[in-house]
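I have placed the structure first, in the form of C-alpha cells, so that the comments after it can refer back to it.
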Amino acid sequence: MTTTDEDLAVDLLRAAPTHENRAEERLRAWARIALAFGDELAATPDPLPAPEIAEVLGGARDDVLVLAEYDTRVRTILVRPDGISRAVKVLMRAGVSVTAGELRAAAVAHEVAHHRMHRGEGRELARRLGHTAFRLGPWRIRGHVTGADELAAHRFAHRRTGIGHGPLALTAALTRHTFGG
Ligand SMILES: [Zn+2]
C-alpha cells in the first residue's frame, strides 16, 4: 500500500493536539483543501518584493530541528545550515537520500509560501477551509485550522522544487527518526 500526500497530510494534522479527536473525514477534507491551495499558490508567480534570505546559526539542538523559518517582522527567511545538515544525516539513516542543496531549496520554498500567505494570500485558504469556530446569532467566527498552512507550504515547496521525496514525506521521516530514533 502506498502512502499518498493526502494520507501524510492527514497524519500531520492529526498530530496537532487540537485535532486529535476530530473525525477522519473532516481532517481529510481539510488536507485536500490545503494541498490544492498549495498547488495553486505554486502555479502563480510570487509577488514582489521577494523576501530576504539570511543564514543563521542554530537549528540543530537536541530537542528541536529547524531547517528554515520565516520572520514575519522583518519579512526574512532565516535558513539554518546546521539544521539542514542534521536533517540530511537523519534522513540518510532513515534510508532517504537527499542532498543538503535539495533540502535547502525545499525549505526556502516552504518559507516563501509562508511569506505569501502571511502577506494576505492565507485569507483565501482560511475562507476555503471554512472552519467555523462558533456562531453567535448572525456572527460567524472563523477558526484557525492548525497545520493547514504547513500542508499548503509543503505542497508549494514540492511543486516548486520538484524534489523526488516530497517535503511531506521528508517531514514524516524526520519526525519518526529525529528524536531518539
Ligand atoms: Zn512551515
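Read the figures in this text as sums done on the coordinates, not as results from a lab. Predicted, not measured: the structure shown is a model, and the values here were computed from it. Here the Cβ positions follow ideal geometry from the backbone for every residue, glycine too, while neighbour counts run over all protein chains shown.
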Mean Cβ-within-10 Å packing, highest first, puts peptides 163-170, 41-48, 105-112 in the order 105-112, 163-170, 41-48
Amide H contacts under 5 Å for Ile53, restricted to residues at least 5 apart in sequence or on another chain and with H modeled in the peptide plane, are Ile77
Give the angle, between 0 and 90 degrees and rounded to the nearest 10, that separates the Cα long axis of helix 5-14 from the longest principal axis of the Cα atoms of the chain. 70
Kindly write out, for segment 38-53 in residue order, the coupling ³J(HN,Hα) from the Karplus curve 6.51 cos²θ - 1.76 cosθ + 1.60 (θ = phi - 60°), rounded to whole Hz, with x marking Gly and Pro. x, 4, 5, 4, 5, 7, 10, x, 5, x, 8, x, 6, x, 5, 10
Helix 81-93 sits off the longest principal axis of the Cα atoms of the chain, rounded to the nearest 10 on a 0 to 90 degree scale, by 80
Build a GNM of the chain with springs between Cα atoms under 10 Å: which of Gly147, Gly122, Gly101 gets the top mean-square fluctuation? Gly101
For segment 20-28, in residue order, the Karplus 3J(HN,Hα) values (coefficients 6.51, -1.76, 1.60; θ = phi - 60°; whole Hz; Gly and Pro = x) are 4, 9, 7, 5, 3, 5, 5, 4, 5
Between the residues Thr178, Ala34, Leu12, the Cα farthest towards the positive end of the dipole of the chain, that dipole coming from +1 and -1 charges on the beta-carbon of Lys, Arg, Asp and Glu, is from Ala34
For segment 55-130, convex hull volume per residue from C-alpha positions, Å³: 121
Under the Kirkwood approximation for Rh and a Cα-based Rg, what ratio Rg/Rh is obtained for segment 24-181? 1.00
Segment 78-120: percent of C-alpha pairs farther apart than 11 Å? 65
Scoring segment 59-179 by relative contact order with C-alpha pairs under 8 Å, at least six apart, yields a percentage of 25
What is the local net charge at Pro47, summed over the other residues whose Cβ is closer than 13 Å to its Cβ (Lys, Arg +1; Asp, Glu -1)? +1
Tell me, what HN-Hα J-couplings in whole Hz come from the Karplus equation 6.51 cos²θ - 1.76 cosθ + 1.60 at θ = phi - 60° for each residue of segment 143-159, using x for Gly and Pro? x, 8, 8, 4, x, 5, 5, 5, 4, 4, 5, 4, 5, 4, 4, 5, 5
